[in-house]
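Values quoted throughout were computed directly from the atomic coordinates according to the rules given, and no laboratory measurement underlies them. Bear in mind the structure is a predicted one, so any value in this text is a computation, not a measurement. No Cβ is skipped: glycine too gets one built from the backbone with ideal geometry, and neighbour counts run over all protein chains shown.
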Amino acid sequence: MMKNSTLLATVLGLVLSTSVFAEKWDMPTPYGDGNHPTQVAKQFAEEVTAKSGDKLKITVHSGGSLIKHPEIHRAVKSRQVQIGEVFIGRLGNNDPIFKLDNIPFLATDFDSAEKLYKASKAELSKQLAKDGLILLYTVPWPAQDLYSSKPVNSLADLKGLKMRAYSPTTSRLADLMGTTPVNVPFSDVAQAFTTSVIDAMITSPSTGVNNQSWDYISHFTTVSAWIPKNMVFVNKRKFDKLDSDTQQVIMAAAANAEKKGWELGRKNGVDHTNILREKGMSVITPSETLQSELREIGKTMVNEWLAESGATGKAIIDNYNK
Ligand code: PCA
């Protein structure tokens, strides 16, 4: 027979282990644990869980483990999950505002990227709201640089190569660079190189580090083409059901996450470029020719974007250029 004290301990243990969280949310993220957006998401979830006073527990499911990247937006919209993260540019075909995040040679350093984010945030939130979503925070990647298997002095050196694309805008960029775009998700990058599915890519030094790019590609040209972002959003109907204290906990944690994310984006750009160099990759400053050719493509793409996005887009660019 159980002693009273043992019984009490058992009951207490049960109460504690089944936990008293009023709400449990699942938060799918596209990138794995080595990536700073996922690290930020985990801190965000822990902060909300700790500060909500047992009212809300958020569990991060990283690397597409619960829901694959292409499905995350729809999953939050349809309330299959309550909250999630996506790479903004992936949604480019839904609305031009999502394409803006991947336009090359418009905002190529972090101060400019912050300015562009400020100029575009209201429209980004507005488009998410149409799907019943609330924007919580963004995390930028370091500037996007060029990975290739030989030096690239001008676009002619890339002609006809297969270039990784990760969004509609980067497919267009690959076209304009005289290369063939091939869609390859982050998790398949290493294999795509070793099996010659792609010959080159434009992404951050962080993504090279996370994929050990030095094992299969030699040259890294710091073209600093754009600074894309991931965004985290919550389903508004789910959010509205929380009490206002818990809502405030979420908004405060989101503000902290955004601050942390932008700090990490800046810092990792420098640190991870150094790692690529230390691991033996040739880190190259782009030639004048390459820079001016790429800038021309940037102008073309801004103009195409303005044509597509109309008055809304013009207002954003005017605001950004102020
Ligand atoms: N890494 C992600 C998105 C942008 C970046 O720097 C990727 O390559 O998929």
Note to self: Cβ-Cβ distance below 8 Å, separation of 6 or more or different chains: which pairs start in the range 298-313 with a residue that is of a type in the set (Asp, Glu) and end on one that is assigned to a helix (DSSP H, G or I)?
What the structure shows: 304/172; 308/96; 308/99
Check: With respect to residue 258, is the statement that it is of a type in the set (D, E, K, R) and in contact with a Leu (Cβ under 9 Å, 6 or more places away or on another chain) true?
Finding: yes
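Is it fair to say residue 172 is of a type in the set (D, E, K, R) and either within 15 Å of the ligand (Cβ to nearest atom) or on the phi > 0 side of the Ramachandran plot (or both)? Explain how you work it out, then say what you get.
On the way: of a type in the set (D, E, K, R): yes; either within 15 Å of the ligand (Cβ to nearest atom) or on the phi > 0 side of the Ramachandran plot (or both): no.
Criteria not met by residue 172.
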Notebook entry, point to check: What number goes with the only condition from (1) surrounded by 22 or more Cβ atoms within 10 Å (Cβ to Cβ); (2) of a type in the set (A, V, I, L, M); (3) more than 17 Å from residue 303 (Cα to Cα) that residue 97 does not pass?
Noted result: (3)
Checklist line | Inter-residue pairs, beta-carbon under 7 Å, first farther than 19 Å from residue 258 by Cα and in the range 115-133, second charged (D, E, K, R), 6+ apart | finding: 127/95; 131/77; 132/77; 132/236; 132/237
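Within the range 180-190, does at least one residue satisfy the condition of being within 19 Å of residue 105 (Cβ to Cβ), within 15 Å of the ligand (Cβ to nearest atom), free of Cβ contacts under 8 Å to residues at least 24 places away in the same chain and not in a strand (DSSP E or B)?
no
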Notebook entry, point to check: residue 123 is checked against (1) within 17 Å of residue 313 (Cα to Cα); (2) touching a Leu at 6+ places or on another chain (Cβ under 7 Å); (3) of a type outside the set (Gly, Ala, Ser) and fails just one. What number does that condition carry?
Noted result: (2)
Notebook entry, point to check: Scanning the range 219-256 for residues that are in a helix (DSSP H, G or I) and of a type in the set (A, V, I, L, M, F, W, C), which turns out farthest from the ligand (Cβ to nearest atom)?
Noted result: 249
Next item on the list: Go through (1) within 16 Å of the ligand (Cβ to nearest atom); (2) polar (S, T, N, Q); (3) in contact with a helix residue (DSSP H, G or I) (Cβ under 6 Å, 6 or more places away or on another chain) and name the single condition residue 82 misses.
Entry: (1)
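Which one of these is in contact with a Leu (Cβ under 9 Å, 6 or more places away or on another chain) and surrounded by 17 or more Cβ atoms within 10 Å (Cβ to Cβ): 116, 91? So that I can check it myself, show each step before the final result.
Details: 91 fails: in contact with a Leu (Cβ under 9 Å, 6 or more places away or on another chain).
The conditions single out 116.
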Checklist line | Tabulated pairs, the range 228-242, first in contact (Cβ under 8 Å) with a residue 60 or more places away in the chain, second within 16 Å of the ligand (Cβ to nearest atom) and among the aliphatic types (A, V, I, L, M), C-beta under 6 angstrom, 6+ apart or interchain | finding: 229/88; 230/139; 231/88
Note to self: Looking at residue 203 and the list (1) of a type in the set (Ser, Thr, Tyr); (2) surrounded by fewer than 21 Cβ atoms within 10 Å (Cβ to Cβ); (3) within 16 Å of the ligand (Cβ to nearest atom), which single condition is not satisfied?
What the structure shows: (2)
Notebook entry, point to check: Under 6 Å by Cβ, and 6 or more places apart or on different chains, what pairs join a residue from the range 20-37 that is among the β-branched types (Val, Ile, Thr) with one that is part of a loop (DSSP other than H, G, I, E, B) and away from the ligand (no atom under 12 Å from the Cβ)?
Noted result: 20/54; 29/62
Checklist line | All positions within the range 107-164 that are within 16 Å of the ligand (Cβ to nearest atom), assigned to a loop (DSSP other than H, G, I, E, B) and aliphatic (A, V, I, L, M) | finding: 107, 143
